[in-house]
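One structure is given below, encoded as structure tokens.
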Amino acid sequence: MPTMTMIEALRDAMDVKLTQDPSVVVFGEDVGYFGGVFRCTAGLQEKHGQTRVFDTPINESAIAGMAIGMAAHGMRPCVEVQFADYVFPAYDQLTQEASRIRYRSNGQFTCPMVVRMPTGGGIFGGQTHSQSPEAVFTHVSGLKTVIPSTPYDAKGLLIAAIEDPDPVIFLEPKRLYNGPFDGNHKGKSVGWGSHPAGQVPEGHYVVPIGKADVRREGHDLTILAYGTMVYVAEAAVAQAGIDAEIIDLRSLVPLDLETIQASVEKTGRCVVVHEATRTSGFGAELISEVQEACFWHLQSPIQRVTGWDAPYPHATEWDYFPGPDRLARALIKAMED
Amino acid sequence: MPTMTMIEALRDAMDVKLTQDPSVVVFGEDVGYFGGVFRCTAGLQEKHGQTRVFDTPINESAIAGMAIGMAAHGMRPCVEVQFADYVFPAYDQLTQEASRIRYRSNGQFTCPMVVRMPTGGGIFGGQTHSQSPEAVFTHVSGLKTVIPSTPYDAKGLLIAAIEDPDPVIFLEPKRLYNGPFDGNHKGKSVGWGSHPAGQVPEGHYVVPIGKADVRREGHDLTILAYGTMVYVAEAAVAQAGIDAEIIDLRSLVPLDLETIQASVEKTGRCVVVHEATRTSGFGAELISEVQEACFWHLQSPIQRVTGWDAPYPHATEWDYFPGPDRLARALIKAMED
Amino acid sequence: MKKTAKLHFPQPPARPDETPDFSAHDIGVAGAIGVPPLDIQAKDAREYANGLIRVMDDDGNAVGPWADLIKGRDASTLRQGLRDMLRMRAIDKRMLNAQRQGKTSFYLQCTGEEAIGCAFQRQLQTGDMNFPTYRQQTLLVAADYPLEPLFGQLYSNSYDPMQGKQLPIMHSSRKHGFFTISGNLGTQYIQAVGWAMANALTGDGNIAAGWIGDGATASNDFHSAMLCASVYQPPVILNIVNNQWAISTYTGVASGKSRTYAARARGYGIPALRVDGNDYLAVAAVSTWAIQRAREGFGPVAIEWFTYRAAAHSTSDDPSAYRPKNEAAAWPLGDPIERLKTHLISLGEWSQERHTQAEAEALDEVTAVQKTVESAGTLVNPGPTSPATMFDGVYAEMPPHLRRQRQEMGV
Amino acid sequence: MKKTAKLHFPQPPARPDETPDFSAHDIGVAGAIGVPPLDIQAKDAREYANGLIRVMDDDGNAVGPWADLIKGRDASTLRQGLRDMLRMRAIDKRMLNAQRQGKTSFYLQCTGEEAIGCAFQRQLQTGDMNFPTYRQQTLLVAADYPLEPLFGQLYSNSYDPMQGKQLPIMHSSRKHGFFTISGNLGTQYIQAVGWAMANALTGDGNIAAGWIGDGATASNDFHSAMLCASVYQPPVILNIVNNQWAISTYTGVASGKSRTYAARARGYGIPALRVDGNDYLAVAAVSTWAIQRAREGFGPVAIEWFTYRAAAHSTSDDPSAYRPKNEAAAWPLGDPIERLKTHLISLGEWSQERHTQAEAEALDEVTAVQKTVESAGTLVNPGPTSPATMFDGVYAEMPPHLRRQRQEMGV
Ligand SMILES: Cc1ncc(C[n+]2csc(CCOP(=O)(O)OP(=O)(O)O)c2C)c(N)n1
Ligand SMILES: Cc1ncc(C[n+]2csc(CCOP(=O)(O)OP(=O)(O)O)c2C)c(N)n1
Ligand SMILES: [Mg+2]
Ligand SMILES: [Mg+2]
């Protein structure tokens, strides 16, 4: 089986779908000739032609609006927003339009489209290249929101997203593009080549949307994580020496509550971790569901470890990023309580 | 003391500040000559002139962007978005710009501005005249988000918001504009004239941002509510016959956690209610904070009563709206557990 | 004294207690402006964007090159146009009435603007798609959309194809080339461009038409649409209905110092025409030209339809608060129905008697359907609703959390 | 065969292995375009928006009416301009170097575009405010912003006035008329309009200048700014820096079929001029005129500065992947420093020797400051940071939840 980075896996997913399905088109800023600032679409225009893969003006709401029109017509656009930080001009089109075309037309028109965007910090990108906006999409009914943490999942989820009959917000943890990252920024960076999840099958396969992945089985405590935080969780677990179960959610909406509930009922403790700002982050939703579903099993308060409620700072990035130290402290606290 | 509707109270707040402070300006769609589709600014242009109160093109991001520029210069714009459902084109300017001007310039520039918008359903407005978008603002550090439930608070909070050194999202529960509304839509509608909170002092006063209001003291359970839901809570409490404490949050960010915590520690039970869609709604944040702060006091899971995770439907509006019946059921459940 | 900067605040020509005054508008003369070649470029389209294309002169005669473009057509097509407009007016009348009687929550007329959508739609083919606003019910009517679902949606009853999910006036009919209306102004405009791109990419031979009001040209999506249409050159017609008002706001607040909305489109490199929207023949002729241009691959075109919103913005609005009561009557380009009627009579193809009869027929037909549909329930007397359907169609397949919520609803 | 619609995809004149080719650009001749009256209206500004205002001819002589507008100026102002540009280039050089050495995470040059910001800024008054993008460091330099904070921000060390909160290149200096840069393209443009409205409303006599790249003209905020400037007529100058590229994307993807960006602005009813941005004299003259127009209350004006991005987009970019390596050298309007130098030499006010010396002086000065500032820490060797400051300035007063989080951080 070939080894791929997450970038290659994403590109491969688009390549598979572009090849298979003539209604798939890929576009976005710098996505065509150049192949994207993160190179996710490199070579796709050359291979599939510019009617399938093309550059757009710098207007994210136009990108979303065009995609909606095409999707309603019957095509399957898969568009890129250069950084998740730049999706906000498209927020109206995505949340008020894409999300509701099916509903408000009572099924006459639908909106099968994917909006890919690199998310999260850890690259010294400052306030405008580091944000994690998942929560402002998970609040919107009609949208699905997914986020892979491995090349394998990235390809399988992206194919699933392109084939999904409804609009999917597809978040790509940019810090995982080239290798797993556990938050130890001073450590040596490793590539996907040496990681089992860097093994990516050729051709078509899907990772179904709505299914979480138990990344580590454990008995003491459940960690709910997604994206980069999955690796931070692994590191924190090792550091704290706690037998935690780590669940990689993969899909935020729909959420695999069944898997979560089973785990928390088993462990009786739960810590939620994400990189986005704390207040009204997706962690809040997780905590709400868990405390309601598992109240009688909980032996300590559910903790949140998150980005702070400040814009992502540049110089003190690593004090902002919820790394393994902070998470380990929370794990220990959750065990002590 | 004069009696005012919430509309009159809001207008009076703007009038007071326009009179007192030459740097205050008021603008928005239909806000000038006509005085706003809900009449909140009626008469203000005539009184203060069109350099102070004026109409804008139909572009909410332009409204926000102009306000940011003016606020950075030193003025205090108080702008209206015609319905909260139409704030999304301004989402980029509000969340990526207004919220961070102070931070990213390290205090060289600031952004004292207010964005008023009618929010919530109950007027057969369908998907695009009924939404409650508070949660997608509370997630954004640098913004404050407030929502009054009475004419008295509306005026005092709006004056506080205009005087605040930072940007404030000011949500106006449109169903409360002309009178309290407890969700019994078949009941007779009453005006503010007969309600004590319809008594509004003339001239200048503030209701501080960040302070909740205990609307009803009780011992069995704490209800966290805001906007229209405060009255729904009152009705549900009467209906369920439970001695609940009702807290009107008034300010979502910053949140008066102290008042909330004291109450839940006393009652040991908590129900959260809002009209917005459930997933990732502000209720999730409240639940997270409460379960963390009051875990050892909680005697039953915290319940959420919310709008469903669907676009606001037109015909079945009252099945969508979280009315007193649903809330009463949740109260009883919270007591039984 | 040194000059300093002062802000400018655009004003309408007249306020409530003033005399209507449209003298600032240069409406030109009928027949004066030519028909551009199908492949015209924006840079050569100056006169079409700044002038006003008119076909019918003051006596109802069709004159000039645009008249020639459609002169081969049978008079029956014009009678059909007249009937479409009469039907539209009857529907508006009955629906307004229903709202006044509390049978529906909200309505919104298109009085004075009937020619635009009616004549445009009749030039389209099956498969073409409009991206309308709430004031283009004309497109549905001229696409022969049945009255039952039209009224059904007004009453959110069992005739309602949207099953009560949408507002009374936010129609959708894929079959009739009518894209689901959004309450959020402007959004449909760039979607129309996307759809037209799909037309070109799939080679289906169809076209798209975006619609926007003068006020909503201020929206971001107007810009997106003009820009992307200019860049990718899809087969799209970008219609701007300039009816002088956006609720209480005068069109000057949307146009600023732009000469015309068509001129603004031309700034994007899109050939643009400005047309008398109250002149059924002008609308039919220009639409025919524009649709052919788009369909044959000569790229996008923008059309500013110059008209006047004769009615209130909606049933929530009282225009006497912001403009003279008799302003509509002073509109220099008259009423579209009256003008087409005059033309047909002057051709000897119509008469006052036939007109009166046609008016009555339209009203009778509409009233009859309305009655039938009302029997299934109205707002004051609602038919049975099934709230659980509110969870259908949020997604193609209902995810677990919605299933749980439906259960929790207990219905 | 019937024609059908096909999409168009704009292409650059040349790709990596092709020969640079700017022959499609009509650059006109120096001195050909006149100076419009200060109160010119958009409708009369056609030639200014579609042509190209140039002052220096190929031999470095200043010719034509725009040259006359500034001919009274002392040669020392031009030498200052040259020194500003040399200093700018030295800073770019040193900063790029620092990034290459890993001392900072990111840098971005303005090579080839130095004349625009340098000459514009020197015509402003204290109190005027620029709303720049990341490629207008020229404005800071020509506003005599000290080098210490400039380098301090590059290294996020104790010299950094932003205390490490912002990216190296996202400067802010209220005192120097430089609004805090946003990473989100376009947003500053409508904010500039709002600020200018405040200038007019408070009567402070100052003006605002918005800046945007050709690529970012596609953003919604470009539209908002043009629209609101047209509506309210505030004292704002809306600058468009057309440097032919937006990262890897050719300017044609932003312009579509618009003739020029200036022409697009003119569609909004704003008088617009298109100017050779590599001609220091043209920039100085047009800026002088535009600033006077705005300040004296004649309303907004748009200026398209026609130039070429000679360097990579940023240190993350390698332009050889999408354009010919030697394209910059083929730019028909040359290099701004070379051109001003030639002009000054032809005036007898400068020499090659003085130039070489000035270059060295600039580099020495910059290098010296850089050294000093580096001693306080760089990315590879960071100075002490105080993470707790990350909570300062989110709000004027720290709310309880941030106080709790600061505590939780444990610093
Ligand atoms: C994004 C958005 N902002 C505001 C509104 C409220 N609104 C509804 S109709 C309208 C006026 C529209 O005027 P125009 O575009 O001229 O269309 P007309 O009503 O004249 O047909 C406004 C401001 C809205 N629906 N959407
Ligand atoms: C809203 C937004 N979308 C995308 C980006 C990513 N981005 C940064 S610079 C750039 C190109 C800008 O080109 P242009 O406006 O021509 O300015 P130039 O770099 O040429 O000076 C892009 C797409 C961004 N910063 N903001
Ligand atoms: Mg209108
Ligand atoms: Mg550029």
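The values are calculated or read from the model by the stated rules, or taken from the named source; none is laboratory data. Predicted model only: the values in this text are computed from it and were never measured. Cβ atoms come from the backbone with ideal geometry, glycine included; neighbour counts cover every protein chain shown.
Please determine, by comparing only the residues of the range C:249-270 that are surrounded by fewer than 24 Cβ atoms within 10 Å (Cβ to Cβ) and in contact (Cβ under 8 Å) with a residue 12 or more places away in the chain, which one is farthest from ligand 2 (Cβ to nearest atom).
Pass one, the range C:249-270, residues surrounded by fewer than 24 Cβ atoms within 10 Å (Cβ to Cβ): C:250-252, C:257, C:259-260.
Next cut, in contact (Cβ under 8 Å) with a residue 12 or more places away in the chain only: C:250-252, C:259-260.
Working: C:Y250: 32, C:T251: 30, C:G252: 30, C:R259: 28, C:T260: 29 Å.
Among them, the one singled out is C:Y250.
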Take the range D:1-28 and flag every residue that is of a type in the set (G, A, S) and under 27 Å from D:V63 (Cβ atoms). D:S23, D:A24, D:G28
Exactly one condition in (1) in contact with a helix residue (DSSP H, G or I) (Cβ under 8 Å, 6 or more places away or on another chain); (2) at pLDDT 95 or above is not met by C:W331; state its number. (1)
Scan the range C:125-180 for residues that are crowded, with 23+ Cβ neighbours inside 10 Å and without any contact (Cβ under 8 Å) to a residue 24 or more places away in the chain and jot them down. C:Q153, C:D160, C:M162, C:Q166, C:S172, C:T180
Does A:C111 count as more than 14 Å from chain C (Cβ to nearest Cβ) and crowded, with 24+ Cβ neighbours inside 10 Å? no
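Here is a check on your reading of the model: is C:N97 free of Cβ contacts under 8 Å to residues at least 12 places away in the same chain, more than 8 Å from every other protein chain (Cβ to nearest Cβ), of a type outside the set (A, V, I, L, M, F, W, C) and out of contact with any Leu (no Cβ under 8 Å at 6 or more places or on another chain)? Show your work before the answer.
Working: free of Cβ contacts under 8 Å to residues at least 12 places away in the same chain: yes; more than 8 Å from every other protein chain (Cβ to nearest Cβ): yes; of a type outside the set (A, V, I, L, M, F, W, C): yes; out of contact with any Leu (no Cβ under 8 Å at 6 or more places or on another chain): yes.
It is true that C:N97 is free of Cβ contacts under 8 Å to residues at least 12 places away in the same chain, more than 8 Å from every other protein chain (Cβ to nearest Cβ), of a type outside the set (A, V, I, L, M, F, W, C) and out of contact with any Leu (no Cβ under 8 Å at 6 or more places or on another chain).
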Which is within 16 Å of ligand 2 (Cβ to nearest atom) and either within 7 Å of chain D (Cβ to nearest Cβ) or of a type outside the set (S, T, Y) (or both), of C:N243, C:N220? C:N220
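Does the range C:187-205 contain at least one residue that is under 29 Å from C:Q292 (Cβ atoms) and more than 12 Å from chain A (Cβ to nearest Cβ)?
Here is the first cut: in the range C:187-205, the ones under 29 Å from C:Q292 (Cβ atoms) are C:187-205.
From what's left, more than 12 Å from chain A (Cβ to nearest Cβ): C:205.
Yes, the range C:187-205 contains at least one residue that is under 29 Å from C:Q292 (Cβ atoms) and more than 12 Å from chain A (Cβ to nearest Cβ).
Give me a count of the residues in the range B:37-61 that are within 11 Å of ligand 1 (Cβ to nearest atom) and either within 24 Å of the chain's Cα centre (by Cα) or at positive phi (or both).
Here is the first cut: in the range B:37-61, the ones within 11 Å of ligand 1 (Cβ to nearest atom) are B:37, B:55-61.
Retained after the next criterion (residues that are either within 24 Å of the chain's Cα centre (by Cα) or at positive phi (or both)): B:37, B:55-56, B:58-61.
The number of residues fulfilling the criteria is 7.
Got a sec? Which helices (runs of 4 or more DSSP H) wholly within the range D:19-110 have at least 2 residues that are more than 30 Å from D:G269 (Cα to Cα) and touching an Asp or Glu at 6+ places or on another chain (Cβ under 8 Å)?
Numbers: elements: D:46-50, D:65-69, D:75-100.
Filter on the range D:19-110 gives D:75-100.
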What's the number of the condition A:A90 fails, among (1) under 22 Å from the mean Cα position of the chain (by Cα); (2) more than 16 Å from ligand 1 (Cβ to nearest atom); (3) among the hydrophobic types (A, V, I, L, M, F, W, C)? (2)
Tell me whether the range D:86-107 contains one or more residues that are crowded, with 22+ Cβ neighbours inside 10 Å, in contact with a strand residue (DSSP E or B) (Cβ under 8 Å, 6 or more places away or on another chain) and at negative phi. no
Looking only at the range A:95-107, decide whether some residue is more than 21 Å from A:I159 (Cβ to Cβ), within 16 Å of ligand 4 (Cβ to nearest atom) and of a type in the set (A, V, I, L, M). no
A:F38 meets each of (1) surrounded by 24 or more Cβ atoms within 10 Å (Cβ to Cβ); (2) touching a residue at least 24 places away in the same chain (Cβ under 8 Å) with one exception, condition (1)
Those residues of the range B:41-82 which are without any contact (Cβ under 8 Å) to a residue 12 or more places away in the chain and more than 14 Å from D:M197 (Cβ to Cβ), in sequence order: B:E46, B:G49
Here are D:A272, D:A246, D:A216: which of them is away from ligand 1 (no atom under 16 Å from the Cβ) and either more than 28 Å from D:L340 (Cβ to Cβ) or touching a Lys or Arg at 6+ places or on another chain (Cβ under 6 Å) (or both)? D:A272
Which numbered condition D:G183 misses (of (1) closer than 27 Å to D:G256 by Cβ; (2) within 8 Å of chain B (Cβ to nearest Cβ)): (2)
Whether any residue in the range C:300-320 is in contact (Cβ under 8 Å) with a residue 24 or more places away in the chain, more than 16 Å from ligand 1 (Cβ to nearest atom), closer than 19 Å to C:Y261 by Cβ and surrounded by 24 or more Cβ atoms within 10 Å (Cβ to Cβ) is what I want to check. yes
Looking for something modelled with pLDDT of 95 or more and closer than 30 Å to A:G125 by Cβ - is there at least one such residue anywhere in the range D:16-31? yes
Among the residues in the range C:271-284, are any within 7 Å of another protein chain (Cβ to nearest Cβ), of a type in the set (A, V, I, L, M, F, W, C) and surrounded by 24 or more Cβ atoms within 10 Å (Cβ to Cβ)? no
If you check D:T385 against the conditions, is it outside any helix (DSSP H, G or I), closer than 25 Å to A:L327 by Cβ, within 14 Å of another protein chain (Cβ to nearest Cβ) and of a type in the set (V, I, T)? yes
Test D:S316 against the stated conditions and say whether it is within 14 Å of another protein chain (Cβ to nearest Cβ), within 16 Å of ligand 4 (Cβ to nearest atom), polar (S, T, N, Q) and touching an Asp or Glu at 6+ places or on another chain (Cβ under 6 Å). no
Could you identify the single residue in C:G112, C:G117 that is within 16 Å of ligand 1 (Cβ to nearest atom) and at negative phi? C:G117
Please return the ranges of helices (runs of 4 or more DSSP H) entirely within the range C:193-295 where 3 or more residues are within 16 Å of ligand 3 (Cβ to nearest atom) and modelled with pLDDT of 95 or more. C:252-255, C:261-267
Take the residues in the range B:135-179 that are acidic (D, E) and more than 30 Å from A:E134 (Cβ to Cβ), then tell me which one is surrounded by the most Cβ atoms within 10 Å (Cβ to Cβ). B:D153
Might you let me know whether the range C:348-358 holds any residue that is more than 14 Å from every other protein chain (Cβ to nearest Cβ), under 15 Å from C:I91 (Cβ atoms) and part of a helix (DSSP H, G or I)? yes
